Amino acid sequence: MDSGLYAACAALMARTDALDTIANNLANSNTGGFRGRHTTFNSVLAGFGQTLNSQLNVDTNHYGILGGSHLDMQPGALEPTGNPLDLGIDGNGFFAVQTANGVGYTRNGALQISAKGQLVTATGDAVLGTTGAITIPTGANVTISADGTISANGAIAGKLKLVEFAPSADPQSMGGANYTVPASQVVASTNSQVRQGMLEGSNVNPVSSVVELIDAQRAAEGMRHALSMIDTEIDKTAAQDLPRIS
């Protein structure tokens, strides 16, 4: 099989995956606390372990593949809202929330009080305190200190559970701005501060992401065109050249 076909196919698959990642970043560029993902690429040598008898053979059998993606941990901008239930985090911390799929972590602090009096996210997930879910009396005047202590009408109602991820952690998306990390890679955040009346925006730059999207689309289209040319050449060889071999 023509090595160019392998190379073009591998590149097309890599760029298609990259397109999905960039498109998801753009779709969440206005999602509070969202963290963008960046793709990385690796080079793989076809026929690894075999003897490639020339430099040309080596060069033509190196293919680019998607090596994976990583979460951009840079914070988004904190914007004042004046809403006492809007919370931003200054530092590397995350809020812990109880989702239908287990404990998740988020920087989206657009909170509200449910009909049951629990502090929840905009999607209804219970916000976790150091001792579990946090209950706030209806109509209470809520104040939240920098260390996450919540007071309702002057009485302490709980303390937010703020956590950080280990440097080796690879947070995975749970949808929106929620992420999951193994419990062994989660530690208490001691250097983060809660900012009441503020919300953190997405850390995705829409302009840069649009440029990345266009580049990835052009690369993918180029690989599709290359595959078409190679396929046509293979068909031509099969139809015209092979019958001449005696």
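What strands (runs of 3 or more DSSP E) lie completely within the range 157-198 and have 2 or more residues being surrounded by 15 or more Cβ atoms within 10 Å (Cβ to Cβ) and under 19 Å from the mean Cα position of the chain (by Cα)?
162-165, 172-175, 178-180
Just to be sure, is residue 226 modelled with pLDDT under 90 and hydrophobic (A, V, I, L, M, F, W, C)?
Yes: the conditions hold for residue 226.
Test residue 233 against the criterion of being surrounded by 12 or more Cβ atoms within 10 Å (Cβ to Cβ), of a type in the set (Asp, Glu) and at pLDDT below 95, and give yes or no.
Spelling it out, residue 233 is indeed surrounded by 12 or more Cβ atoms within 10 Å (Cβ to Cβ), of a type in the set (Asp, Glu) and at pLDDT below 95.
The values are calculated or read from the model by the stated rules, or taken from the named source; none is laboratory data. Every value quoted in this text rests on a predicted model; they were computed, and no experiment measured them. A quick note on method: Cβ atoms are made from the backbone with ideal geometry, for glycine too, and the neighbour counts reach across all protein chains shown.
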